[in-house]
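Read-outs throughout are calculated quantities, based only on the coordinates presented, and are distinct from any laboratory measurement. Every value quoted in this text rests on a predicted model; they were computed, and no experiment measured them. No Cβ is skipped: glycine too gets one built from the backbone with ideal geometry, and neighbour counts run over all protein chains shown.
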Amino acid sequence: MPKKCFSVIIAGGKGTRFWPLSRAGRPKQLLKILSRKSLIEETAARVYALGGRKQTLVVTIADQVVALRRELRDLAKNNFLAEPMGKNTAPCIGLAALEIMRRDREAAMIVLPADHWVADVTEFRRTLKTAADLAFGHDQLITIGIRPNYPETGYGYIMKEKALAQKTSSRAFTVKRFTEKPTLAAARRLIGQRALWNSGIFVWKAALLLQLLGRYQPVIYQGLQAIERAAAGSSLANPNPKLRAVIAREYKKMPNLSIDYAVMEKAGAEGKVITLEADFGWSDVGSWAAVNCLIHAPDRLVVLLGVDNVVVVDTPDALLVGDINRSQEVRDIVDALNRQGLGSYTT
């Protein structure tokens with residue numbers, strides 16, 4: 001990638017579907033679920049080879065900054081951006097775009113969640129380098145679409161249209177439409193129509209993203225512009241008290257919107273989105289179901305006899321035993337505990 005490209009790791013999620021192991025003070029991205037490294041350590045290691053540590057940013061909510069800095073000690077403190085509150089991914093990515101524009105107005109940004117799993121890291125990097133070339137060569141948004149191998153109802157889908165006539169990749173297509181979390185029957189139909197899973201990994205020029213936020217989401221854009229004006233002479237990564245107050249004020253005004261709803265679907269309808277078809281062994285590790293039948297009990301012996309599809313997670317103060325096919329419902333347990341005044345089991 002001859003031009004400058006920043007990697008932006010989105011790390012503000014709580015991962016309530018991984019309760020009781022995941023808590024408010026120990027979010028999912030800090031868990032060591034699939035290897036000896038935490039999910040965010042795995043993610044950072046994958047992207048350092050793309051633009052280097054200096055061009056890797058982490059965006060999270062303020063109360064997770066200290067833990068994430070401790071987890072990623074090889075990243076400088078000014079590469080962590082703190083949101084005052086979670087407002088989903090549109091404001092979060094917009095804030096990162098502001099910081100990138102302050103560093104290089106011509107740069108592109110690779111946006112990716114902190115808690116995904118990738119089996120083939122070499123192919124992953126090759127795909128993102130191709131996507132960056134597309135972003136620099138086209139005034140469009142690039143999304144990474146994963147070839148599905150089963151009808152998953154927890155993912156969004158991308159319906160691709162015509163192949164892009166260019167030399168960079170034969171796997172690039174214009175996007176016809178997006179479909180969010182379909183029923184099982186609809187997911188089967190989408191796979192039959194050769195739709196792709198929406199990985200939530202995006203590549204685009206920072207300037208283009210801000211331009212489209214201005215067109216589609218003026219409230220978010222105006223808030224970001226107010227932050228930009230207040231940041232003159234200061235740092236978004238290390239804001240002074242005045243700038244911190246402006247960021248908090250503007251965030252309160254912003255709607256809670258994902259980048260998919262805020263920008264991608266609208267841009268796709270205008271023909272401004274390209275999907276790059278990929279296959280690098282991807283999972284969003286969205287729930288315990290992502291790791292199949294599982295027993296996590298580091299301090300005691302657990303024996304299962306004559307049962308299938310079970311998840312058992314034992315922690316010092318809580319034990320979860322459930323059908324792994326219903327693991328998406330674990331977040332409902334967390335909500336119920338908080339409503340009933342049992343928040344000590346979720347923090």
Requested in this report: State whether segment 290-345 is rounded, prolate or oblate according to the following rule on the C-alpha gyration tensor (a ≥ b ≥ c being the square roots of its eigenvalues): a/c under 1.5 gives rounded; otherwise a/b larger than b/c gives prolate, and the remaining case gives oblate.
Outcome: oblate
**Report entry** Helix-only CD estimate at 222 nm, as mean residue ellipticity for the chain, using -39500 (n - 2.57) per DSSP H run (n ≥ 4)
**Finding:** -10000 deg cm²/dmol
Query raised in the report: With each pseudo-label sitting 7 Å past Cα toward Cβ, what's the residue 194-residue 69 distance in nm, one decimal?
Result: 5.0 nm
Query raised in the report: Roughly what would the spin-label model give for residue 103 and residue 305, points 7 Å off Cα along C-beta, in nm?
Result: 5.7 nm
**Report entry** Within segment 224-238, backbone nitrogen closer than 15 Å to the virtual label 7 Å beyond the Cα of residue 77 toward Cβ
**Finding:** 235-238
Query raised in the report: Ranking 279, 299, 323 by Cβ neighbours within 10 Å, fewest first, what do you get?
Result: 299, 323, 279
Report summary line: Filtered hits (lysines, Cα-Cα < 17 Å from residue 28, offset >= 8 within chain) -> 14, 37
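Kindly flag which residue pairs out of 3/129; 205/272; 87/253; 32/87; 54/77 have an alpha-carbon separation exceeding 21 Å in this structure. Mind dumping the intermediate values first?
Values: 3/129 11 Å; 205/272 13 Å; 87/253 10 Å; 32/87 26 Å; 54/77 11 Å.
Violating the 21 Å limit, Cα to Cα: 32/87.
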Query raised in the report: Tell me, 92, 5 in order of fewest to most beta-carbon neighbours within 10 Å?
Result: 92, 5
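By DSSP, what percent of the beta bridges with both residues in the chain are antiparallel, rounded to the nearest 5?
55 percent
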Report summary line: Counted neighbours (other Cβ, 10 Å), sorted fewest up, put 153, 347 in the order 347, 153
**Report entry** Estimated inter-spin distance, residue 242 and residue 226, nm [label 7 Å along Cα→Cβ]
**Finding:** 1.6 nm
